[in-house]
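Engineer: Quick one: the structure is below, questions incoming.
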Amino acid sequence: MTHTPQWKIDEVKETAEIISKSPVTAIVSIKGLRNKQFQGIRRALRGKAKIKVMRGTLLEKAINQINLPNIKKLNDFVNGQIAVVTTEMSPSSLYSNLEKSRQKAAARGGEIAEEDIVVPAKETSFPPGPMISEFQKVGLQAAIEKGKIVIKKEMVMVKKGEKISKEKAKVLEKLEILPLNIGLDIVTAYEEGIIFSKEAMSINPESIAIDIASAFNSARGIASDAVFLVKEVVPDLIVKARRAAESLAIAGNYVDEGNIEIFLMKAISEAASLQEAVEEKPEAEDKKEEEKKDEDAGAGFGALFG
């Protein structure tokens, strides 16, 4: 019979007690998270949340010992490199805090680029030496200028969705380009019998307000097009009707005190155009007359010497 080490028994029991007493429990992925960044996140959440890294099998056993509604559904999300987070914050607040605690980091090679990784044209701090061949090896146009290695042309070194090679990761780190945005990736959270997805937790008051404003503008546009009379669109419909009436009156030459200014402006514009046309006509006639005189003179000379 296999003997279970006491430390495992103690860890399962301790974790079960912590989760039982916590208003909110979340499972987060720590895959790819380095120790330096992890400790920074732990410090950022100090006093707000507790983070415990443990094996998935032990976490499942701890969850199975807890007598709370639907808590055992958390086991469906226990997979890979994970940690359990306990907190008094709401799931959405926890998600927001974890997103704020994310940090930029250098690539090591093998990661997938979340966005295009661009190396700008610039002067580097490197003197002439073997570094220039490393730059050229990954496709950068590098040269020596004023005793420094210079990248002559901007380049997309890694496109979004592509794997970052070790060679490129090394060059990016030397250029102090940090393409990774790493942190604790929340997988799910539990509160009062409810399992929250990552998508549900990402909803915040700001995004809700933006969605409401967008929906309101769309609804107002539809109501205006359909001439659906509600107080929110009546001012727009009045303006629209006034413009249509003015256009109709102008087309039909109907003048009243409301549009007389428009007709006056139209008359002034037409008068200016007419005056310009009248002034151009004599100049054209004078030019034609001069051309005719030149032709007659030419004909006379032709007769003399013909």
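Engineer: Consider ALA107 carefully, then state whether it is at pLDDT below 90, hydrophobic (A, V, I, L, M, F, W, C) and touching a Pro at 6+ places or on another chain (Cβ under 7 Å). Step through it out loud before you land on a result.
Structural biologist: Numbers: at pLDDT below 90: yes; hydrophobic (A, V, I, L, M, F, W, C): yes; touching a Pro at 6+ places or on another chain (Cβ under 7 Å): yes.
So ALA107 passes the test.
Engineer: Could you look through the range 1-27, keep only residues that are among the polar types (S, T, N, Q) and modelled with pLDDT under 90, and pick out the one that is surrounded by the most Cβ atoms within 10 Å (Cβ to Cβ)? Explain how you work it out, then say what you get.
Structural biologist: In the first step, residues of the range 1-27 are kept if they are among the polar types (S, T, N, Q); the result is 2, 4, 6, 15, 20, 22, 25.
Imposing the further condition that a residue be modelled with pLDDT under 90 reduces the set to 2, 4, 6.
Values: THR2: 3, THR4: 10, GLN6: 8.
The extreme case among them is THR4.
Engineer: Could you tell me whether ALA249 is in a helix (DSSP H, G or I), open to solvent by less than 50 Å² (accessible area, probe 1.4 Å) and of a type in the set (Gly, Ala, Ser)?
Structural biologist: yes
Engineer: Using the structure shown, decide if GLU270 is more than 50 Å from the chain's Cα centre (by Cα), farther than 30 Å from ILE27 by Cβ and at pLDDT below 75.
Structural biologist: Working: more than 50 Å from the chain's Cα centre (by Cα): yes; farther than 30 Å from ILE27 by Cβ: yes; at pLDDT below 75: no.
Here the answer is no, as GLU270 does not meet what is asked.
Engineer: On to the next question. Restricting to the range 28-65, count the residues that are open to solvent by 90 Å² or more (accessible area, probe 1.4 Å) and closer than 24 Å to GLU88 by Cβ.
Structural biologist: Matching residues across the range 28-65 total 5.
Engineer: Quick check on this structure: which one of GLU173, GLU115 is open to solvent by 60 Å² or more (accessible area, probe 1.4 Å), assigned to a loop (DSSP other than H, G, I, E, B) and under 23 Å from GLN37 (Cα atoms)?
Structural biologist: Details: GLU173 fails: assigned to a loop (DSSP other than H, G, I, E, B).
Exactly one residue qualifies, and that residue is GLU115.
Engineer: Between a first residue in the range 210-222 that is hydrophobic (A, V, I, L, M, F, W, C) and a second residue that is modelled with pLDDT under 80 and open to solvent by less than 70 Å² (accessible area, probe 1.4 Å), which pairs have beta carbons less than 7 Å apart while being 6 or more apart in sequence or on different chains?
Structural biologist: none
Engineer: Based on what the data block shows, is GLU99 over 30 Å from VAL119 (Cβ atoms) and open to solvent by 30 Å² or more (accessible area, probe 1.4 Å)?
Structural biologist: Working: over 30 Å from VAL119 (Cβ atoms): no; open to solvent by 30 Å² or more (accessible area, probe 1.4 Å): yes.
No; evaluated as a whole, the condition is false for this residue.
The values are calculated or read from the model by the stated rules, or taken from the named source; none is laboratory data. Just so you know, these numbers come straight off a predicted model, no measurement behind them. As a convention, Cβ positions derive from the backbone with ideal geometry for all residues, glycine included, and neighbour counts pool all protein chains shown. Surface areas here come from the heavy atoms of the whole protein model, side chains and all, with no ligands, DNA or RNA. Shrake-Rupley method; radii C 1.70, N 1.55, O 1.52, S 1.80 Å.
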